[in-house]
């Protein structure tokens, strides 16, 4: 990896270490990488980088045999314990815990890996604005700690020591929602998007209408199977949603028409997911987020997949739907959670009240 200028860019380092470009940039800013700032970019001197890489590669093998075994047993506990979690939640916990291991540089024993100093160091390595990442890592580590304590592999006081490190939100959560005019503008952008095939337009339209008529989560939409949708009975089964709960939803006439038209052009492929790409591959939450983001830019509307779900909750409430039914359909355990989704403007209040 010799270079004429004896230094590397963050892009080259990211590709070499197989990490994200944003991660490489953040490591430069935090001092984790031996980098030199030049203008708005960073350069990483070659010799110090090679030394860093040796240590980095060594610490990537953080799951030494005993720890790997513990993680596998923890995963089994999460899936099959007294309160089993959904496959999606288990997957997220494992992803966040492995990210935590990378942030702290690994370890070989439970006490080396799970302690107040290590967790504090990991959280400090993430931007304060990245609340979701900090929050997810904290709860993944907290879950692993409770599992270890239950097996007498970690002192019970560690749980109390970790608790004060629970991340706090210093900036307001980004909440997006659309009113009726914005919904029409957003959906109209699907049919004028440049570079998309006719199938891609049909797919995007069906995805967005499903979000706006069922209020499902991004992952739940990805996991919908052909067998889960019964257009004759106008019903859909959301299997093992958040919290490992299965729920049944109704399909209104508008969505039934959209899905019928989509199924007529859906590629014949071995994948049984309802929504697939033109090449017959299943969709991922990240791919759907990027599709929605492009449509948001094209329409000039600030919206995300979760914002589409929030829009469904808000619009359903404005149309006089029962909050209890909305809450159940959304898969919320408590109505208070559903109430937190509502984003109603003063103008909407005035418009509704004048017709009372």
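Each Cα pair under 8 Å and six or more residues apart adds its sequence gap; the mean of these over the residue count of the chain is a relative contact order of 13 percent.
As an equivalent ellipsoid, segment 65-165 spans semi-axes of 20, 16, 13 angstrom, where each value is the square root of five times an eigenvalue of the C-alpha gyration tensor, largest first.
Taking the longest Cα principal axis of the chain as reference, the axis of helix 285-299 is set at about 60 degrees.
Can you give the angle from 0 to 90° between the axis of helix 253-265 and the longest principal axis of the chain, with both taken from C-alpha atoms, to the nearest 10? Result, in degrees: 70.
Multiplying each eigenvalue of the alpha-carbon gyration tensor of segment 180-353 by 5 and taking the square root yields semi-axes of 26, 21, 14 Å, largest first, rounded to whole angstroms. According to the Cα-based calculation, Rg over Rh for segment 213-303 is 0.97, with Rh computed by the Kirkwood formula.
For segment 7-60, averaging the sequence separation of C-alpha pairs within contact (under 8 Å, six or more residues apart) and dividing by the residue count gives a relative contact order of 33 percent.
Note that the chain carries a Kirkwood radius of 23.5 Å, evaluated over its alpha carbons pair by pair.
Summary of packing: across the peptides 322-334, 262-274, the per-residue average of other C-beta atoms within 10 Å ranks them, highest first, as 322-334, 262-274. Once you divide the Cα radius of gyration of segment 7-60 by 2.2 N^0.38 Å, the number left is 1.00.
Taking Cα atoms only, the orientation of helix 87-104 departs from the longest principal axis of the chain by about 30 degrees.
Read-outs throughout are calculated quantities, based only on the coordinates presented, and are distinct from any laboratory measurement. In this text, all values refer to a predicted model and were calculated from it rather than measured experimentally. When we count neighbours, we look across all protein chains shown, and the Cβ atoms used for this are built from the backbone with ideal geometry, even at glycine.
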